[in-house]
Amino acid sequence: MKKKTVGFGVMFLALFVALSFLSVPGARAAEKSIAVMKFTATAGGGRSYWRSASWDLGTGMAEMMTTALVQTGKFKVLERQEIDAVIGEQDFGASGRVDPATAAKIGKILGAQYLVYGTVNEFEYSKSGEKGGVRIAGLRVGGEQAKAHIGMDVRVVDAVTGEIPFSTRSTADASRTGFKVGYSSSDFGANIAAFKKTPLGEATRKAIEDAVAKLVRDFGGEAAPPPPVTWSGKLFIAEGGTLVIKAGTKDGLKVGDVLTVYRPKTVTAGGEVVTVGEDKIGKIRLTTVGESAASAEVLEGKGFKTGDIVKSGGDY
C-alpha cells in the first residue's frame, strides 16, 4: 500500500478546524454579576404600614432576595454589606433616590454587571378575632386569624447601558390561625429573623422566590459548576448485553450510584485519530458492586458501546 505523508502544518490545521466546531465539556461562560439594591415602597399600597416597622424593611427584603439568588447557584451575587457601604459613601440616597439613571456609576464602583431593584406597591396585613386573646410583648396569644398580602415589581437594570433586560411582577398571600399568629402593626418583627416568622414575612418570601424563579427562567445566568468527577473509566458490554465497569468498592463505588456515560469525540488528522472531547450520551445505575468490578442498568440513553467513558460525579 502506498504511504501518504502529511506535513505537520497540514495536520495542525486539520486539528484546529476540528476544535473550532467542537465544544469542550465543562467550559462555561462567566456568571452574571448581580447586586441587589434596597427595596422601596410606593405611595399607598401600605407605605405607612411599611414605615411603622422598627427596622429597615427595604434592606431586609433585599437581603432575602440576595439569599434566594445565591441559592440558585446561577449568578455571582455581591454581598449586601458591601453594597450598603458603597451607597453610603457615595451619597446615592439612603432614602430611595437610587434609580436606573445612576446604575452605570453604581455598577462600575461595585463591579456588578446588573442591578436588581424591588418596589413594593401592595403591603397589606389584617387580623380578626383579637378580643379573645392576650397580648404579651406585642404578640397576641389567642384565637385570631392574620392575613397578609404583598405585591412587588422587580426589575434588572444593565449597569452599562441603563436598559432593563428583565422585569416581573410577583404577588403572594399568607395567613395563620390560632396562637401566636403575628405582631401588631407597630411591632410585626423586631428584625429580619422575626419578620420571616410572621404572615407578612411568609408572603414576602413567597413573592421573592416567585420573582427569582422567573428571573432564572427568563434572564438566565450560568449554571453552577458540576460536582467534581471522583472516578472515571471505560464501559464494557459483556455477553448478553450486560453493562460492566472495571471498578468497585475499592474505588468508592456502591450499589445505587448513578454514573454518566460519554462517547469520545475524535477527528482524523494526518492519518492519526485524535480525541478532542466527549459527548454525554446517557446515565447508568450500579446494580451489583464487587471490590474491583460492577454491573449496571440503563437509566437514560441507548446504543452504549465498549470503550464509552463512564464517570461518577461530573455533569449529571
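The values are calculated or read from the model by the stated rules, or taken from the named source; none is laboratory data. This is a predicted model, so every value here is computed, not measured. Note: ideal-geometry Cβ built from the backbone for every residue, glycine included; neighbour counts use all protein chains shown.
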Exercise for review: Output the residues belonging to the range 256-277 that are surrounded by fewer than 13 Cβ atoms within 10 Å (Cβ to Cβ) and in a loop (DSSP other than H, G, I, E, B).
Suggested key: G256, G271
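Return yes when D251 is surrounded by 12 or more Cβ atoms within 10 Å (Cβ to Cβ) and touching a Leu at 6+ places or on another chain (Cβ under 9 Å) and no when it is not. Lay out the reasoning, then the answer.
Numbers: surrounded by 12 or more Cβ atoms within 10 Å (Cβ to Cβ): yes; touching a Leu at 6+ places or on another chain (Cβ under 9 Å): no.
Considered against the rule, which asks whether it is surrounded by 12 or more Cβ atoms within 10 Å (Cβ to Cβ) and touching a Leu at 6+ places or on another chain (Cβ under 9 Å), D251 comes out as no.
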Exercise for review: Give the residue, chosen from I106, I150, that is of a type in the set (A, V, I, L, M) and modelled with pLDDT of 80 or more.
Suggested key: I150
Check your understanding: Looking at the range 216-233, which of its residues are modelled with pLDDT of 70 or more, over 24 Å from K250 (Cα atoms) and out of contact with any Phe, Trp or Tyr (no Cβ under 7 Å at 6 or more places or on another chain)?
Key -> V216, R217, G220
Practice item. Mind listing whichever residues of the range 264-291 are in contact with a helix residue (DSSP H, G or I) (Cβ under 7 Å, 6 or more places away or on another chain) and in contact (Cβ under 8 Å) with a residue 60 or more places away in the chain? Key: V267, A269, G270, V274, V276
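Condition check ((1) assigned by TED's automatic domain parsing to the domain that holds T72; (2) touching an Asp or Glu at 6+ places or on another chain (Cβ under 8 Å); (3) more than 30 Å from E31 (Cα to Cα); (4) acidic (D, E)) across all residues:
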residue: K234; (1), (2), (3), (4): no, yes, yes, no
residue: K250; (1), (2), (3), (4): no, yes, yes, no
residue: K265; (1), (2), (3), (4): no, yes, no, no
residue: E272; (1), (2), (3), (4): no, no, yes, yes
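Got a number for residues in the range 54-71 being polar (S, T, N, Q), part of a helix (DSSP H, G or I) and modelled with pLDDT under 90?
First pass over the range 54-71, keeping only residues polar (S, T, N, Q): 54, 59, 66-67, 71.
From what is left, the residues that are part of a helix (DSSP H, G or I) are 59, 66-67, 71.
If we keep only those that are modelled with pLDDT under 90 as well, we get 59.
The total comes to 1.
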Practice item. Could you grab me the full set of residues in the range 278-295 that are among the small types (G, A, S), closer than 14 Å to K246 by Cβ and not in a loop (DSSP other than H, G, I, E, B)? Key: A294, S295
Study note, to complete from the structure: Scanning the range 153-191 for residues that are outside any strand (DSSP E or B) and buried (at least 18 other Cβ atoms within 10 Å of the Cβ), the one modelled with the highest pLDDT turns out to be A159
